[in-house]
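The values are calculated or read from the model by the stated rules, or taken from the named source; none is laboratory data. These figures come from a predicted structure and were not determined experimentally. Using ideal geometry, Cβ is built from the backbone for each residue, glycine included, and neighbour counts are taken over all protein chains shown. When the accessible area is computed, the model is the full protein with side chains, heavy atoms only, and any ligands, DNA or RNA have been set aside. Shrake-Rupley method; radii C 1.70, N 1.55, O 1.52, S 1.80 Å.
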Amino acid sequence: MTSKDRMINFFNREKSDRLPCVEWATWWNLTLERWYGEGLDRNLTGKPLMEHFGHDYTHQTWISNGLGGHCP
């Protein structure tokens with residue numbers, strides 16, 4: 001079952017092979033640098049990195065509000 005299938009089944013309250021496992025706030029660059037310094041393979045980025053930790057793949061997009069960081 002794919003990550004997408006799991007998410008669709010979850011939101012439709014249907015059975016799945018397991019619950020989706022996601023990291024909603026992806027890892028900070030400083031966290032990654034520490035892990036790489038501790039021996040994590042630097043080729044593990046994006047989807048392979050998430051799969052390495054047993055997470056389902058998600059893609060995040062950041063959109064600026066155009067207010068230069070000041071949000072009412």
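Values as computed for the structure displayed
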{"quantity": "With every protein chain in place, the chain: carbon and sulfur % of accessible area (1.4 Å)", "calculated": "57"}
{"quantity": "Reported label for calculated semi-axes √(5λ) of the Cα gyration tensor in Å given (1) 26, 23, 8; (2) 21, 13, 10; (3) 19, 15, 11", "calculated": "(1)"}
{"quantity": "Relative contact order (%) - the chain, alpha-carbon pairs under 8 angstrom, separation at least six", "calculated": "27"}
{"quantity": "Rounded accessible area per residue of the chain, 1.4 Å, Å²", "calculated": "86"}
{"quantity": "FRET efficiency estimate (nearest 0.05) - Cβ-Cβ, ASN65 to PHE10, R0 25 angstrom", "calculated": "0.30"}
{"quantity": "Cβ-placed point charges (K, R +1; D, E -1), dipole of the chain about Cα centre in debye, nearest 20", "calculated": "200"}
{"quantity": "Helix-only [θ]222 nm of the chain, DSSP H runs n ≥ 4, -39500 (n - 2.57) each, per residue, nearest 500", "calculated": "-9500 deg cm²/dmol"}
{"quantity": "By accessible area with a 1.4 Å probe, ligands and nucleic acids excluded, highest first: order of LYS47, LYS15", "calculated": "LYS15, LYS47"}
